[in-house]
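Let me begin by presenting the structure, written as structure tokens, before commenting on it.
The values are calculated or read from the model by the stated rules, or taken from the named source; none is laboratory data. Nothing here was measured: the structure is a model prediction, and the numbers come from that model. Because the Cβ atoms are built from the backbone with ideal geometry, glycine has one as well, and the counts that use them run over all protein chains shown. In case anyone asks, the SASA skips ligands and DNA or RNA and just uses the protein heavy atoms, side chains included. Shrake-Rupley method; radii C 1.70, N 1.55, O 1.52, S 1.80 Å.
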Amino acid sequence: MSEQRNHGDLLLEAGLALASERSLPAILQRIVELATQLTGARYGAIGVLGQDGGISQFVSTGITPEQHAAIGHLPVGKGILGALIEDARPLRLRDLRSDPRSAGFPPNHPPMRSFLGAPVMARGRVFGNIYLTEKQGADEFDAEDERALVVLAAQAGVAVENAHLYQELEVRVRRLDALHDISAAIVHGDDPDEVVGLVARHARALLRADLASMAVPSHDHRQLTVLTADGGEAETILGEVFPMEGSVSGDAITSGRLVALQDAAVDERVAQPIVRSGAFGPALFVPLSARGEPFGTLLLARRRGREPFEEGEARLAELFAGQAAGVLEQARLQRQVHRLETLEERERIARELHDGTVQALFTVGLGLQGTASLVAEPEAARRIQGAVEELDRVIRDLRNYIFGLEPGVLAQRPLDQALEELVEEFQDRSGVVAIAEIDPGAAAALTQDAAEVVQLVREALSNVSRHADAATCRVSLHRDPDADVVRLEVDDDGRGFDPAAAKAGGRGLGNLRARTARLGGRTEIQSLPGEGTTVRIAIPVQGWAQG
């Protein structure tokens, strides 16, 4: 009776102790310690079952750290442990070594004879099993020990379920917070590169990954580019271009389904950058879709040796990726609407300038020219003629502005000619020796975005004029068929600056990045104080025609 009362008291204390815990690792350790205390076992463990039915986690007590190190790898669910997994009922043995199902012990394992085990049920399924060995003060565990362990296992199942629910609630809150941060960044008009970086950063935190990155395909879906990366090895893979075919990301995009790897380092699809690195093991490749069409992949990876992603984590990754993709697609649509509104406003301003201001100035100029012919005083006539010439210059500048504002004008003038004239006009106005190296084929590939390209060059040249104090400047436009992009470069030999210090406050640089982002491209600013500045812009285009 005293032993039954002792069991009852301990079970009551166990229930209260387990009910107070919310952390699953803490609950597992507490279950094992309570089980050994309740039954008088010297050694105890709980084996958590993984997706494959084997043991994925093994929490124990009674084994010293030195013994752990000497034993080596954790059990995977063979022998007696496997028997309890296959038949989820309590199991009590006087000497587990004599049982025909026993697989023996690895070297350096302490001797164990008496055995008692019971399943832990959570959410209607077997979450894991409690294993107890070496009954202290007796040759074997008795029926009372078994009944007490079954009760404890039931309490443990409730505690595990509560811990799972608490974890899910925490994850849901973190996911909503992440989506709120991403949405807020979009509403605030943050740089698109920073927004996708925010997606990767939150995804890595949510899934406890060591690396998160996003890859997007080229227009012809032949290549993928790592658009953003966060975590270990991020700097080495950011911006890397690799073939769509023969990559895990390519397979995820093609199939529209998540691809999970237990060990990415040994995957045969070596085109994937993280596969080639050999540093990462467990990995998830989640397709990002908009209106049912994949437009990229979200990669989440853990370093080799870490635990694989569980089924619930894979579902979480898919859920977050789907919600993030919806937010990014909404942002893209907003940018398109804003771009159309901007183009319409530009056309309206261009028409008003051309039909109103330019014509009025032209009329004033004609009137002044007529007046000059009536003035007898040479100095007065010279000044009037100077005013007429100044009006001509103002009209010419206004027409140049209209040319930059109104896409319709570009339709009547090739982009390469427009850029050459823009550079020539910049040289005349600023005194900076300016060279234009424009590939007509590259310019033709950008016809649809000619207005934005002109404004990009105008913005970059304006920065040179205002800040560089340069003697020479070069504008280059050429194509890169290997990457399916047109590369625009504007460099000068001016005084340079620190891009990191200017990033926050440099309005001109922000405009360049924003315009490039609207074209789906990337901007790189390279500059050092006293060594000039180079602006490199990569603008994606359709695959180049062969021949």
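Among (1) under 20 Å from A514 (Cβ atoms); (2) touching a residue at least 60 places away in the same chain (Cβ under 8 Å), which single condition is A483 missing?
(1)
Residues that are at pLDDT 65 or above and among the β-branched types (V, I, T), at least 3 per element: which strands (runs of 3 or more DSSP E) completely within the stretch 1-111 meet that?
Values: elements: 41-49, 55-61, 91-93.
Of the strands (runs of 3 or more DSSP E) lying wholly inside the stretch 1-111, those with at least 3 residues that are at pLDDT 65 or above and among the β-branched types (V, I, T) span 55-61.
Of E293, E240, E268, E245, which residue is surrounded by fewer than 18 Cβ atoms within 10 Å (Cβ to Cβ) and in contact with a strand residue (DSSP E or B) (Cβ under 6 Å, 6 or more places away or on another chain)?
On the way: E293 fails: in contact with a strand residue (DSSP E or B) (Cβ under 6 Å, 6 or more places away or on another chain); E268 fails: in contact with a strand residue (DSSP E or B) (Cβ under 6 Å, 6 or more places away or on another chain); E245 fails: in contact with a strand residue (DSSP E or B) (Cβ under 6 Å, 6 or more places away or on another chain).
Among E293, E240, E268, E245, only E240 is surrounded by fewer than 18 Cβ atoms within 10 Å (Cβ to Cβ) and in contact with a strand residue (DSSP E or B) (Cβ under 6 Å, 6 or more places away or on another chain).
Considering only residues that are over 21 Å from G520 (Cα atoms) and at pLDDT below 85, look in the stretch 213-233 and name the one that is most open to solvent (accessible area, probe 1.4 Å).
Filtering first and then ranking leaves E233.
Among residues belonging to the stretch 328-345 that are at pLDDT 70 or above and either of a type in the set (D, E) or under 16 Å from the mean Cα position of the chain (by Cα) (or both), point out the one that is farthest from L258 (Cα to Cα).
E345
When A301 is evaluated against the numbered criteria (1) under 30 Å from I55 (Cα atoms); (2) surrounded by 22 or more Cβ atoms within 10 Å (Cβ to Cβ); (3) without any contact (Cβ under 8 Å) to a residue 60 or more places away in the chain, which criterion, by number, is the only one it fails?
Here A301 meets the rest and fails (3).
Do we find a residue being more than 15 Å from F58 (Cα to Cα) and free of Cβ contacts under 8 Å to residues at least 24 places away in the same chain anywhere in the stretch 126-140?
The answer is no; no qualifying residue exists.
Which residues, counting only those in the stretch 435-460, are open to solvent by 20 Å² or more (accessible area, probe 1.4 Å), within 14 Å of E489 (Cα to Cα) and over 30 Å from the mean Cα position of the chain (by Cα)? It would help to see each step written out before you state the result.
Going through the stretch 435-460, the residues open to solvent by 20 Å² or more (accessible area, probe 1.4 Å) turn out to be 435-441, 444-445, 447-449, 455, 458-459.
Within this subset, residues satisfying the condition of being within 14 Å of E489 (Cα to Cα) are 435-439, 455, 458-459.
Scanning the stretch 435-460 gives I435, A436, E437, I438, D439, R458.
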